[in-house]
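Notes to accompany the following structure.
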Amino acid sequence: MKIITGLAKGMNLETLEGEATRPTSQRVKEAIFSMIQFDIEGACVLDLFAGSGQMGLEALSRGAKKATFCDSSREAIEIVMKNARKSKLFDKCRISTCTYEQMIKGISGKEQYDIIFIDPPYKMCCVDDVLEKLCNGNVIAKNAFVICESGEEDIFKGNELLKEKFVVQKQTRYSVSYVTVLRPKEA
């Protein structure tokens, strides 16, 4: 797994051993970043369920201003810290070992993000809950991209009120993964 382009282009990133995390494939990462490439410069990024930190670090490498990383696994956070230092992007990072609920509660009403990556373990089936909490906490910036990677096609789980808060810009299936790019609807 490598950083594709930017300041840390070609940097090999470490990942956790075993089945605890499922890193986003290079193909999927390339597709995501080609969709948002003109909106990364100066962006504030939130990488929930960070794993190795590859999505947030890729955004920083491409010119994002800062990135906040969150994962409930202490081992994953240690890998994110190693990768951030190795890529020389550490000074633009805030890295926390906590659940997504704790992270969102802590930043609610205080911070907004331009790019949000949501990629939980598929067995958690929680993308709808994450989106609900992000909306309720006023964490999503006006023209943000919310990029969800899930094992489920319907990330809203039939919740029409939640679905009404977003425009589905694109949804693509890659093997067992659905990548859904959302934009918040104007109030």
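Restricting attention to the range 1-38, which residues are part of a helix (DSSP H, G or I) and either at positive phi or not aliphatic (A, V, I, L, M) (or both)?
Matches in the range 1-38: GLN26, ARG27, LYS29, GLU30, PHE33, SER34, GLN37, PHE38.
Looking only at the range 173-182, decide whether some residue is open to solvent by 50 Å² or more (accessible area, probe 1.4 Å), closer than 18 Å to ALA59 by Cα, without any contact (Cβ under 8 Å) to a residue 60 or more places away in the chain and in a strand (DSSP E or B).
Scanning the range 173-182 turns up no residue that is open to solvent by 50 Å² or more (accessible area, probe 1.4 Å), closer than 18 Å to ALA59 by Cα, without any contact (Cβ under 8 Å) to a residue 60 or more places away in the chain and in a strand (DSSP E or B).
Scan the range 113-134 for residues that are surrounded by 19 or more Cβ atoms within 10 Å (Cβ to Cβ) and of a type in the set (Phe, Trp, Tyr) and report the count.
Going through the range 113-134 one residue at a time, the tally reaches 2.
Quick one: what pairs do we get from the range 85-103, first residue more than 11 Å from GLY53 (Cα to Cα) and open to solvent by 70 Å² or more (accessible area, probe 1.4 Å), second part of a helix (DSSP H, G or I) and charged (D, E, K, R), C-beta under 7 Å, 6+ apart or different chains?
Here the result reads GLU101/LYS133, each pair linking the range 85-103 to a residue that is part of a helix (DSSP H, G or I) and charged (D, E, K, R).
Looking only at the range 135-172, filter to residues that are aliphatic (A, V, I, L, M) and open to solvent by 50 Å² or more (accessible area, probe 1.4 Å); which one of those is farthest from GLY56 (Cα to Cα)?
So, considering only residues that are aliphatic (A, V, I, L, M) and open to solvent by 50 Å² or more (accessible area, probe 1.4 Å), the one farthest from GLY56 (Cα to Cα) is LEU161.
Does PHE145 count as free of Cβ contacts under 8 Å to residues at least 60 places away in the same chain, over 15 Å from GLY51 (Cβ atoms) and of a type in the set (Phe, Trp, Tyr)?
no
Which one of these is free of Cβ contacts under 8 Å to residues at least 12 places away in the same chain and out of contact with any strand residue (DSSP E or B) (no Cβ under 9 Å at 6 or more places or on another chain): GLU17, GLU58, GLU30?
GLU17
Being without any contact (Cβ under 8 Å) to a residue 60 or more places away in the chain, aliphatic (A, V, I, L, M), more than 24 Å from THR172 (Cα to Cα) and open to solvent by 10 Å² or more (accessible area, probe 1.4 Å) narrows it down to one of MET1, MET81, so name that one.
MET81
Is it true that some residue in the range 32-55 is open to solvent by 20 Å² or more (accessible area, probe 1.4 Å), within 17 Å of GLU149 (Cβ to Cβ), of a type outside the set (A, V, I, L, M, F, W, C) and more than 14 Å from the chain's Cα centre (by Cα)?
Yes, some residue in the range 32-55 is open to solvent by 20 Å² or more (accessible area, probe 1.4 Å), within 17 Å of GLU149 (Cβ to Cβ), of a type outside the set (A, V, I, L, M, F, W, C) and more than 14 Å from the chain's Cα centre (by Cα).
From the set of residues in the range 157-176 that are over 19 Å from ASN143 (Cα atoms) and either among the β-branched types (Val, Ile, Thr) or touching a Phe, Trp or Tyr at 6+ places or on another chain (Cβ under 8 Å) (or both), which is modelled with the lowest pLDDT?
Among them, the one singled out is VAL176.
The values are calculated or read from the model by the stated rules, or taken from the named source; none is laboratory data. None of these values were measured; they are calculated from a predicted model. As a convention, Cβ positions derive from the backbone with ideal geometry for all residues, glycine included, and neighbour counts pool all protein chains shown. What goes into the accessible areas is simple: the full protein's heavy atoms, side chains included, and nothing from ligands, DNA or RNA. Shrake-Rupley method; radii C 1.70, N 1.55, O 1.52, S 1.80 Å.
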